Each structure stands twice: as C-alpha cells, then as structure tokens.
Amino acid sequence: MSMESIIEVLLRYNVNAPRYTSYPPANFFDEVKEDTPIESIWRDSNALFPEALSFYFHVPFCNKRCYFCGCTSENLKEESYVEAYFAALYSEMDKKLEWISKERKVHQIHFGGGTPTSVPTVYLKSVIDRLKELFEFTDFVEVAIECNPATVTEELLLELREAGFNRVSYGIQDFNLKVLKKIGREPSLLPVPYLVDFSKKIGFKSVNLDLIYGLPGQNQEVFLDSVHKTIEANPERVALFSYAHVPWVRPEQKVLDSYVIPSARDKMRFFLNARAIFMEAGYLEVGMDHFVKPSDSLGIAAKTGSLHRNFQGYCTRETTGQVYAFGSSAISQLDNAYLQNTKNTSEYIRTVRLGLKTEIKVHELSVTEKMYRDMIERLMCNHSLKVSAKEKELLGNKWGVLCALAKDELVEVLSDHEIVATELGRLVIRFVASKMDPLLDSGANNEGVFSKTI
C-alpha cells in the first residue's frame with residue numbers, strides 16, 4: 001500500500017480521543033470535597049502495587065512562554081515569588097511524605113514544568129536531598145529533568161549532575177530558525193550534537209530529544225531536515241509529538257492562528273516519513289510516539305512487554321512505581337486514586353500556607369476502572385491485548401467491537417482472547433484503545449475535550 005493510500009485510510013480514524021496517560025482521563029476526575037480522605041488514600045497506597053516509589057515535582061516557571069505550549073506554566077517572576085513557591089513545595093513534602101512508608105525505595109524522580117532549569121539548581125537539589133533524608137534510593141534510580149536547550153550551558157549541566165540528575169530531556173521541537181521564531185521559541189544555546197555528547201560525557205545515562213510535527217511554518221522538507229539533524233545528534237530517545245492546536249484551551253495559541261498550520265493529511269505524511277527515517281537509522285518504535293535505541297531501557301522494556309505509561313510519558317515497569325506528585329497542577333498516580341493539585345501557582349502557595357487541601361481533583365478508582373486502566377495500558381504499550389475470562393466478560397460486546405476492527409485491518413485476531421494491532425493499527429492506537437472505553441459511550445464527538453488522534 002502506498003503512503004498516500006495509508007494516509008487516506010488513517011484519516012478515517014482521525015477522531016477526538018483521550019491520550020490515555022491515565023484512566024479515567026483527567027477530565028473525568030471528581031471535584032474534591034471537604035471530607036475527601038486525602039491522607040487515607042496516600043497511606044492506603046503503601047499496601048498496593050507497585051511498591052516502588054516514583055516522585056514528580058512540578059516547576060511552573062519559564063523564562064518566557066512559547067506560543068505552542070500546552071503545559072501548565074507561567075513567566076518567571078521575581079526571586080521572592082520563586083522562594084515562596086519552593087517554600088510551599090517543601091511544606092507540602094514535609095506533610096505528605098510522612099504518609100509514605102519508609103520501607104519503600106525510590107526508583108524514579110522526575111522534574112517537569114514549565115522549565116525546571118529556569119530556577120537556580122539549588123532549589124532542585126534541596127528537593128532531592130529531602131527525599132534522600134527519608135528514603136533509600138535504589139542503585140538504578142532514575143532522576144530526570146526536562147530542559148529548554150535555549151538556556152542550557154555546560155556549567156548548568158555540571159550543576160545538575162552534581163545535584164544527582166542522570167537523565168535529561170531537551171525540548172528541541174524543531175531545528176529551523178523560522179519555525180522556532182513563529183512559535184516563540186529560541187534555538188539551542190549550544191549546538192545540539194555537542195549538547196547531547198557533552199551530556200553523555202559528564203554522566204547523563206540517557207538523553208531524549210523532543211520534536212513536534214504540525215507546527216506553523218513546517219513543511220515536508222523543513223521537518224525532515226530536523227529529523228535528520230536529530231539522528232546526527234545521536235540521542236538515546238526521541239519523542240515525536242503531534243502539535244495540538246487548541247486555542248480554546250490554550251489562549252496563547254491564538255497568536256498562531258495567523259499562520260498556516262499543517263493539515264491532518266500533512267501531519268500524517270510528516271510522521272510516516274519521520275518514522276521510516278528513524279527506523280532505518282536503527283531506532284525502535286515504542287508506543288505511539290517514541291523512538292529509542294535498542295539498548296535503551298525503553299527499547300528493552302518494549303521487547304519484554306514491561307513498558308508502562310503515565311503522565312510523564314513512556315517508562316519501564318522496573319523503574320516506575322506509584323507516582324507521588326508535588327507542586328501546582330501536579331497529579332499523583334496511585335494504584336487506588338488520582339489526585340490533582342490546583343493549577344494556579346498563587347493559589348497553591350496560599351493553600352499550603354493556610355494548611356488547606358492543595359488538591360482540586362481526586363478520583364478514587366473502582367475495581368472496574370482498574371481493569372479498564374490495565375487493559376488500555378497493555379494495548380497502548382504492547383500494541384496487543386490478551387484478556388482474561390473476567391476481563392472479556394467485563395468488556396462484553398466491546399470485545400466484539402475490537403475484533404471487528406480486523407475488517408479495517410487495524411487489528412489481527414489471534415484467538416478468542418487475544419488481538420494484536422497491525423502496522424496500521426499501531427498508527428492510530430489511541431483510536432483502537434478508545435473502542436473499549438465505556439466513558440465514550442455517549443456518542444459525543446468530544447470536540448474541544450480531547451485532541452485528534454493524528
């Protein structure tokens with residue numbers, strides 16, 4: 001089948017659907033009530049699986065906001081405001097870390113934002129040091145940070161390594177200066193190949209580069225040039241994200257309305273060509289938007305069926321535990337519940353100071369929801385799904401709906417209890433996963449709620 005024929009087929013499945021970084025998706029979380037037992041939820045999670053500890057810390061500041069960004073962030077303010085934020089973060093830690101068993105070990109720490117490196121490294125180091133005082137770290141602990149390469153220097157990277165970071169992700173987005181200017185993004189301060197090489201040389205064991213396709217100003221030639229330059233930089237991982245133009249959700253994106261934004265057809269062409277180039281260069285396709293070297297832990301996890309997915313992206317079962325999150329907008333992903341802090345930074349600081357609940361959303365998971373969560377995750381991560389008798393009974397006629405996708409060549413039915421996504425199905429795996437989701441049974445098109453699958 002030619003690329004254009006593939007695109008024609010795939011466009012039929014370009015619908016609004018969840019990204020399934022959680023189940024239920026975040027817009028289904030419940031509002032916090034006065035009697036919501038936050039402490040009990042955290043304490044109860046100690047007896048649940050997995051035992052491993054993962055921590056997420058949200059740094060909401062950026063040196064400047066980029067127009068395309070969908071993250072919860074704000075422009076960096078005066079030092080006193082940053083101090084107030086981290087004082088609140090430390091207080092939240094002091095309170096809630098008491099609820100976690102000290103018998104459990106830390107496998108993973110992740111700093112996201114915003115741009116975590118927009119604040120002095122000493123703040124980040126203090127967070128890590130607080131954890132070290134209370135918990136034992138495993139020998140293979142992952143300590144990861146997201147960086148805007150426009151502000152990364154050699155000195156900063158050395159500081160981060162000294163603080164304990166060993167994995168780094170750079171939001172390159174695109175190498176083309178005209179595209180970057182349109183989206184309000186500055187280029188990398190250091191040449192990207194040197195940035196990647198220096199990061200590895202000083203001890204970062206994995207380097208990830210983010211690219212975004214479908215940005216204003218991109219065309220086939222421009223984007224594929226960025227793909228080739230990414231391969232030349234030789235990162236262990238590449239995240240290839242589709243730009244979601246949702247100005248009704250992110251008002252700052254309205255600035256981009258004056259530019260031509262690539263169509264879904266163009267975006268599919270960008271992705272398919274980039275996918276072919278990465279795979280020809282020896283990268284493995286992982287999940288729906290990652291490409292990794294076969295020796296990388298994500299590549300090994302994909303081969304062994306131990307891939308995992310959460311709000312921080314794809315990760316491995318070996319290193320990822322229940323995620324305990326701190327800071328404004330941070331979402332804890334526990335086996336028994338999801339808990340989301342207030343998105344407003346000033347409100348977050350205020351509630352911590354007053355000793356009030358920082359959470360605005362909480363969703364305690366039922367047994368049924370856990371079963372759907374596990375099935376969707378297995379399909380999203382492994383591109384296959386083998387269900388137990390109990391799971392098949394729960395799915396009811398939805399199992400038939402999934403199997404019927406074989407007529408469209410999206411899945412292959414291996415047995416009465418097992419399907420596997422075809423090459424076509426992998427490209428629209430969100431669509432395939434959505435076919436088993438009872439939350440989407442209303443028949444609504446979910447326009448303005450979820451992004452398109454392409």
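Which one is nearest to Gly282 (Cα to Cα), of the residues in region 176-187 that are surrounded by fewer than 21 Cβ atoms within 10 Å (Cβ to Cβ) and touching a residue at least 12 places away in the same chain (Cβ under 8 Å)?
Result: Asn176.
I'm checking my understanding of the structure. Among residues of region 278-292 that are modelled with pLDDT of 95 or more and among the small types (Gly, Ala, Ser), which one is surrounded by the fewest Cβ atoms within 10 Å (Cβ to Cβ)?
Restricting to residues being modelled with pLDDT of 95 or more and among the small types (Gly, Ala, Ser), the top hit is Gly282.
If a residue has to be of a type outside the set (S, T, N, Q) and either outside any helix (DSSP H, G or I) or buried (at least 21 other Cβ atoms within 10 Å of the Cβ) (or both) to count, how many in region 152-162 make the cut?
3
Is there a residue being at pLDDT below 95 and in the same structural domain as Met288 (by TED's automatic domain parsing) anywhere in region 399-409?
No: region 399-409 contains no residue that is at pLDDT below 95 and in the same structural domain as Met288 (by TED's automatic domain parsing).
Can you list the helices (runs of 4 or more DSSP H) found entirely within region 385-454 that contain at least 2 residues being touching a residue at least 40 places away in the same chain (Cβ under 8 Å) and in contact with a strand residue (DSSP E or B) (Cβ under 8 Å, 6 or more places away or on another chain)?
423-427, 429-434
Just name the residue that is surrounded by the most Cβ atoms within 10 Å (Cβ to Cβ) out of those in region 309-366 that are acidic (Asp, Glu) and in a strand (DSSP E or B).
Filtering region 309-366 for residues that are acidic (Asp, Glu) and in a strand (DSSP E or B), the one surrounded by the most Cβ atoms within 10 Å (Cβ to Cβ) comes out as Glu359.
Anything in region 117-151 that is among the hydroxyl-bearing types (Ser, Thr, Tyr) and part of a helix (DSSP H, G or I)? List them, or say none.
Listed by number, the residues that qualify are Thr117, Ser118, Thr121, Tyr123, Ser126, Thr151.
Is one or more of the residues making up region 27-40 of a type in the set (Lys, Arg) and either in a helix (DSSP H, G or I) or surrounded by fewer than 17 Cβ atoms within 10 Å (Cβ to Cβ) (or both)?
Yes, some residue in region 27-40 is of a type in the set (Lys, Arg) and either in a helix (DSSP H, G or I) or surrounded by fewer than 17 Cβ atoms within 10 Å (Cβ to Cβ) (or both).
Quick one: how many residues across region 280-329 are of a type in the set (Asp, Glu), closer than 16 Å to Phe241 by Cα and without any contact (Cβ under 8 Å) to a residue 60 or more places away in the chain?
Total meeting the criteria: 1.
The values are calculated or read from the model by the stated rules, or taken from the named source; none is laboratory data. Note that the structure is a prediction, hence the values are computed from the model and not measured. As a convention, Cβ positions derive from the backbone with ideal geometry for all residues, glycine included, and neighbour counts pool all protein chains shown.
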